[in-house]
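The values are calculated or read from the model by the stated rules, or taken from the named source; none is laboratory data. Model, not experiment: these values are computed from the prediction. Counting neighbours? That spans all protein chains shown, and the Cβs are built from the backbone with ideal geometry, glycine included. The protein model used for the area step is the full one, side chains on, heavy atoms only, and it has no ligands, DNA or RNA in it. Shrake-Rupley method; radii C 1.70, N 1.55, O 1.52, S 1.80 Å.
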Amino acid sequence: MMLDTPHLDVPFYQPAGDEIDVFEHAWKNRLPLLIKGPTGCGKTRFVAHMAARLGLPLYTVACHDDLTAADLVGRHLIGDGQTVWCDGPLTRAVREGGICYLDEVVEARKDTTVVLHPLADDRRILPIDRTGELLAAPPSFMLVVSYNPGYQNLLKGMKPSTRQRFVSLRFDFPATEREEAILVGESRCAPDLAKRLVSIAHALRTLKDQDLEEAASTRLLVYAALLVRDGMDPVTACRAAIVESLTDDPEVADALMEVVSATFGR
């Protein structure tokens, strides 16, 4: 659930617009940030890039249905015959003045996300009921959350009272040239391979909401590029890294593979 990453090197990130400027200004002004966009479009990488760029510790939480407030804030644990308080990732980020990133925040229960409210407005405090502490967030602390709007429904959506506490950024899949540059930068693959993989992704994305539940992500393209760069046949790599990750239906998979085979002249 928690990833504590002190960044020594800045992770590769190819900007799409003014998102770096927005993030930096939000951080300087002590404002929380909401990032929305499809799976695999670079949200998590962007946050890691910005944490390293600003020299801040990053605590990432993958949200899910069973996530409790105690998972975020902390709990008492029994060890060596005594009860010891253990901070959760949110509390550690506040104490250290780092970034707490809640990935797919709408997957968490609404009674869990309420704990974010006093941190996400001008109070910037974290009450810890079980210890009686009232932590004031230092100036360098930042709360960042993300979600995929495509998964929203009546049961899983962000409450307006939560959403309106955040500055927001909208992410989408990169434009053609930027996505090709990302593949080359991430995998060190040949530009021609990057061009072919991106063309496959564009073709498959037109099938979203028809035969596929989710679009081909930039992340999957990077996986395919890494496999090919390591010597794997491109068609085989695309089946393993892209097609089989998008569908369990054999007929749909065969249809997707026709696009892949045509792209590589098979």
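Modelled spin-label separation between residue 39 and residue 240, with each label point placed 7 Å from Cα along the Cα-to-Cβ direction: 2.1 nm.
Using the Karplus relation 6.51 cos²θ - 1.76 cosθ + 1.60 with θ = phi - 60°, the per-residue 3J(HN,Hα) values for region 117-130 come to 3, x, 8, 9, 10, 5, 6, 6, 10, 10, x, 10, 4, 6 Hz, with x marking Gly and Pro. Equivalent-ellipsoid semi-axes for region 39-166 (Cα gyration tensor, √(5λ), whole Å, largest first): 24, 18, 15. Modelled spin labels at residue 177 and residue 25, positioned 7 Å past Cα toward Cβ, are 2.5 nm from each other.
Treating cross-link reach as a plain straight distance, find the aspartates and glutamates whose alpha-carbon is under 12 Å from the alpha-carbon of residue 159, omitting any fewer than eight places away in the same chain. In chain and number order, the partners are 111. Length gained on full extension, residue 229 to residue 70: 52.9 nm, using 0.36 nm per residue less the C-alpha separation.
Quick test of the membrane-span-like rule: which DSSP H helices of the chain reach at least 18 Å along their long axis (C-alpha atoms) with mean Kyte hydropathy at least 0.5? Walk me through the numbers before you get to the answer.
Details: long enough: 191-205 (21 Å, 0.23); 250-263 (20 Å, 0.72).
Membrane-span-like by this rule: 250-263.
Highest mean packing comes first when the peptides 110-116, 235-241 are listed by Cβ atoms within 10 Å, giving 235-241, 110-116. Let me check against my output: what whole-number percent is the relative contact order of region 1-154, with C-alpha pairs under 8 Å and at least 6 apart? Over region 1-154, the number comes to 30 percent. Based on Cα contacts under 8 Å between residues 6+ apart, region 121-266 shows a relative contact order of 16 percent. Among 182, 139, 263, flag the residue with its Cα farthest along the positive direction of the charge dipole of region 110-266, charges on Cβ as +1 for Lys/Arg and -1 for Asp/Glu. Most positive-ward Cα: 139. For region 111-154, relative contact order (Cα pairs under 8 Å, six or more residues apart, normalised by length) works out to 24 percent. Of the peptides 224-234, 130-140, 50-60, the order by per-residue mean of other Cβ atoms within 10 Å, starting with the highest, comes out as 50-60, 224-234, 130-140. Each Lys and Arg adds +1 at its Cβ and each Asp and Glu adds -1 at its Cβ; summed about the Cα centre, the chain shows a dipole of about 880 debye. Here the calculated FRET efficiency for residue 114 and residue 213, from their Cβ-Cβ distance with R0 = 30 Å, stands at 0.50, rounded to the nearest 0.05.
Could you work out the mean projected area of the convex hull around the alpha carbons of the chain, in square nanometres to one decimal?
Seen from a random direction, the Cα hull of the chain projects 16.5 nm² on average.
Tell me what the chain gives for mean residue ellipticity at 222 nm when only DSSP H runs of n ≥ 4 count, each as -39,500 (n - 2.57), the sum divided by the residue total, rounded to 500 deg cm²/dmol.
Values: 11 runs with 101 residues, N = 266.
After summing the helix terms and dividing by residue count, I get -11000 deg cm²/dmol.
Think of each Lys and Arg Cβ as +1 and each Asp and Glu Cβ as -1; about the Cα centre, that makes the dipole of region 37-152 roughly 360 debye. Taking the accessible area of region 55-129, probe 1.4 Å, and keeping the other protein chains in place, the carbon and sulfur fraction comes to 51%. Remark: spin-label model distance residue 254-residue 159 equals 5.0 nm, labels positioned 7 Å along the Cα→Cβ axis.
In the context of the full set of protein chains, residues of the chain present 49 Å² of accessible surface per residue (probe radius 1.4 Å, heavy atoms only). Within the shell of other residues whose beta carbon sits under 15 angstrom from the beta carbon of residue 75, the net charge comes to -3, with Lys and Arg scored +1 and Asp and Glu -1. Computed from the C-beta positions of residue 261 and residue 85 and an R0 of 51 Å, the FRET efficiency is 0.30 to the nearest 0.05.
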